[in-house]
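Worksheet: the structure to be examined is printed underneath.
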Amino acid sequence: MRAVHISTLGGPDAVEIVDVEAPEPNAGQVLIEVHAAGVSFPEVLQTRGRYQVKPDLPFIPGAEVGGVVVQAPPNTGLKPGDRVAALSFLGGFAEYTVADPETTFKIPDNMSFEQAAAVPFNYLTAHFALLPRGRLTEGESVLVHGAAGGIGTASIQTAKAFGAGQVIAVTSTDEKGRTAIDAGADEYVLAD
């Protein structure tokens, strides 16, 4: 199978596309055919060996995917053909990856694989930050820094979905401000 491979810590330009063996899931893992993978800041850091998770070289990065179940353990509620989002933590930048059933979630038919691949890090992080940690209540105002990125746009949408009265985006450019507005922010301000 084809995969993105990090064999040296020379930054994003050092990644390679290689042919490797497909992963063999252990008895408790789900095998997923990857249709889309999320690219986030941890992968950029991993290309330089600067992320908290430092796998031995070479390795396949990619922590979140959208795809189709190929094989699943019994009694997990997952079966071949299910459309899913999953946290693979590593190995997602490949044609196939494995994930634990606890971090693999069925997605509705109207959700694209690209959207599904954005859910684990972006939307679950936004949900955790705004609700359990931030205790957002209906009608409150929310200020979102870095509002045009993945976590930022997810935070805007999550805040709105859970009743924020006003969402103000902070961005570095007017173009990014328009991205935040398109994501649902009420207004944006430029950071100096």
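The values are calculated or read from the model by the stated rules, or taken from the named source; none is laboratory data. Every value quoted in this text rests on a predicted model; they were computed, and no experiment measured them. All Cβ positions, even for glycine, are placed from backbone atoms using ideal geometry, and neighbour counts span all protein chains on display. Each accessible area value is taken on the protein alone, full model and side chains, heavy atoms only, with ligands, DNA and RNA left out. Shrake-Rupley method; radii C 1.70, N 1.55, O 1.52, S 1.80 Å.
Side notes on the structure shown:
- For the range 175-192, putting each phi into the Karplus relation 6.51 cos²θ - 1.76 cosθ + 1.60 with θ = phi - 60° gives couplings of 4, 5, x, 5, 4, 5, 4, 4, 7, x, 5, 7, 7, 9, 10, 8, 7, 8 Hz, in residue order, rounded to whole numbers and with x for Gly and Pro.
- Packing here is the average count of other Cβ atoms within 10 Å per residue, and on that basis the peptides 66-72, 1-7, highest first, run 66-72, 1-7.
- Gain on full stretching of the segment that runs from E175 to R2 - 0.36 nm per residue minus C-alpha separation: 58.8 nm
- Cross-link reach list, aspartates and glutamates versus K106, counting only Cα pairs under 12 Å and skipping chain neighbours closer than eight places: D82
- Inter-part distance where the range 128-192 and the range 55-73 are each reduced to a Cα centre, Å: 30 Å
- Summarising the label geometry, the points placed 7 Å from Cα in the beta-carbon direction at D182 and V18 lie 3.7 nm from one another.
- Residue-span extension gain [Q52 to E114] - 0.36 nm each, minus C-alpha spacing: 19.8 nm
- Close amide H pairs (under 5 Å, H built 1.01 Å from N) link V167 with V142, D186, E187, residues at least 5 positions away or on another chain.
- Area of I181 that stays accessible when all protein chains are in place (1.4 Å probe, Å², to 10): 60 Å²
- With Cα atoms, 0 to 90° folded angle of helix 150-161 axis to the chain main axis: 60 degrees
- Square roots of five times the Cα gyration tensor eigenvalues for the range 136-190, Å: 18, 10, 8
- Nearest-0.05 FRET efficiency for L190 and T137, computed from C-beta distance (R0 35 Å): 0.80
- Heavy-atom accessible area, probed at 1.4 angstrom with all protein chains present, ranks D19, D100, D192 as D192, D19, D100, highest first.
- Rounded percent of accessible protein surface that carbon and sulfur make up, the chain, 1.4 Å probe: 53 percent
- Rounded to the nearest 10 Å², the accessible area of D109 at probe 1.4 Å: 130 Å²
- Based on protein heavy atoms only, the chain ends up with 54 Å² per residue of surface accessible to a 1.4 Å probe.
- For S172, distant residues with modelled amide H under 5 Å away: A191
- For Y51, residues with placed amide H under 5 Å, excluding near neighbours: Q46
- Annotation: lysines with alpha-carbon distance below 21 angstrom to K160 (same-chain offsets under eight excluded): K176.
- Computed over the alpha-carbon pairs of the range 2-117, the distance histogram in 10 Å steps reads 16, 46, 30, 8, 0 percent, short to long.
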